[in-house]
Amino acid sequence: MSFSTLVSDLHFRDNANDRASHASRPSARSTTGSYARSYASTAATSVSVSGDISSQLHGGYSHPLARSWQAERQLTKSMLIYPLFISDQPEEETLIASLPNQHRRGLNRLTSHLEPLVRKGLRSVILFGVPIAPNVKDALGTAADDPQGPVIQAIRLLRSRFPSLFIVADVCLCEYTSHGHCGILRDDGSLNNTLSVDRISDVAMAYAEAGAHCVAPSDMNDGRIRAIKLKLIESGIAHKVVLMSYSAKFSGCLYGPFRDAAGSCPSFGDRKCYQLPPGGRGLARRAIHRDIGEGADIIMVKPASSYLDIISDAKEIGKDMPVAAYQVSGEFAMIHAAAAAGVFDIKTMAFESTEGILRAGASIVVSYFTPQFLDWLES
């Protein structure tokens with residue numbers, strides 16, 4: 001019985017009852033109302049029973065705990081990776097204006113910042129080196145694997161001070177090259193993929209040998225996963241180093257605050273010829289297949305919120321692998337800006353956006369909200 005038929009039937013019965021009992025039963029109207037309510041209840045129940053009873057869903061999420069059980073993946077502290085910008089100036093602690101509440105820190109400022117977070121349950125960080133010293137950048141990015149550089153020194157410090165902390169080292173050259181691109185260039189300004197892969201894989205090895213638990217190449221050069229994996233095997237450390245590939249990293253306008261923090265803006269051109277085009281779902285799927293075949297242990301999608309379909313694709317293609325997603329600096333800054341304008345509550349939106357990423361298929365999230373999540377998840 002449809003809802004409109006039910007209403008018509010109730011109206012007919014109300015009128016019939018009213019006419020039949022008007023003279024002899026002064027209280028018939030209240031009785032009719034009671035009967036109508038009873039009939040409506042009985043009819044609604046019979047509709048459900050005789051129809052599709054699985055349509056009755058509300059009871060299944062009527063309690064806060066029951067609602068939490070509906071999630072395939074619930075955010076936990078172990079899912080979070082906290083991005084850190086490590087300066088080569090030991091005493092630096094500079095607020096990044098375009099990236100709310102985030103700082104660029106030198107080694108001497110790092111331990112005091114992380115100690116309370118580790119106590120609260122911080123499990124993992126990802127390191128981005130930021131060379132500030134004059135004349136340190138060159139065409140080959142030679143400072144990237146300098147033993148006295150910020151990343152290698154930070155790896156050694158964190159391994160010593162926080163033995164339980166899982167350390168991911170981002171592997172790229174853009175912070176260290178004078179031109180700001182993610183590899184070695186040809187004379188015409190295009191990317192020399194062969195030389196870039198050789199260089200990137202050397203940097204990854206330096207970070208792994210310094211003690212990084214995970215190396216994460218973000219450069220998007222073709223074949224760099226295979227090159228890194230082979231060098232890890234040849235060095236006898238492939239069994240203890242996780243290789244996380246930025247497999248589906250899209251070009252776009254959401255990286256601005258990060259580039260402010262890392263000083264990694266290209267001095268000319270853009271990165272559209274090696275990062276994926278925003279509409280390139282097929283390219284992303286091919287890149288994911290390729291990197292899995294080349295030995296990646298984890299697949300990453302970046303950015304996250306605009307590419308939930310790609311996260312879902314990554315989980316479908318790599319169904320037996322962890323999938324990571326990076327909620328990038330622009331996504332984070334937009335949430336802060338909208339919250340500051342009164343559009344929504346920042347905590348609510350931080351959870352909503354992250355839960356969307358998890359629902360799409362990720363089980364690891366690189367998030368600037370990590371320090372807040374450590375508190376929010378506790379409460």
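Assorted remarks:
- Summing +1 for each Lys or Arg and -1 for each Asp or Glu among the other residues whose beta-carbon sits under 13 angstrom from that of residue 142 gives -3.
- Other residues within the sphere of radius under 13 Å centred on the Cβ of residue 282, judged by their own Cβ, net out at +2 (K and R +1, D and E -1).
- Rounded, prolate or oblate (a/c below 1.5 giving rounded, otherwise prolate when a/b exceeds b/c) for region 136-289 by Cα gyration tensor: prolate
- Selection from 245, 304, 276 lying farthest towards where the dipole of region 234-379 points positive, charges on Cβ: 276
- Inter-centroid distance (Cα atoms) of region 132-152 relative to region 235-257, Å: 20 Å
- Length added when fully stretched, residue 230-residue 91, from 0.36 nm per residue minus Cα-Cα: 46.3 nm
- Counted residue by residue at 0.36 nm each, then reduced by the alpha carbon distance between them, the extension gain from residue 142 to residue 119 reaches 4.7 nm.
- Anchor residue 137: aspartates and glutamates whose Cα lies under 14 Å away (excluding residues fewer than 8 positions away in-chain): 88, 145, 146, 175
- Average Cα contact separation per residue, region 76-137, under 8 Å, 6 or more apart, as relative contact order %: 46 percent
- Local electrostatic count at residue 307 - Lys and Arg +1, Asp and Glu -1, tallied over other residues with Cβ under 13 Å: +2
- Prolate/oblate/rounded label for region 90-205 (Cα gyration tensor, a/c 1.5): prolate
- Among beta bridges that DSSP assigns inside region 60-192, antiparallel share in %, nearest 5: 25 percent
- Cross-link table 231/302; 231/315; 319/347, entries beyond 29 Å C-alpha to C-alpha: 319/347
- The packing ranking, built from the mean of other Cβ atoms within 10 Å per residue, places the peptides 282-288, 304-310 in the order 304-310, 282-288, highest first.
- Residue 156 paired with residue 222, simple spin-label distance in nm, labels 7 Å along Cα-to-beta-carbon: 3.8 nm
- Protein accessible area in region 262-348, 1.4 Å probe - carbon and sulfur %: 58 percent
The values are calculated or read from the model by the stated rules, or taken from the named source; none is laboratory data. Bear in mind that the values here come from a model prediction, so they are computed numbers and not experimental data. Glycine also receives a Cβ, built like all others from the backbone with ideal geometry; neighbour counts cover every protein chain displayed. Side chains are part of the model used for accessible areas, which takes the heavy atoms of the whole protein and leaves out ligands, DNA and RNA. Shrake-Rupley method; radii C 1.70, N 1.55, O 1.52, S 1.80 Å.
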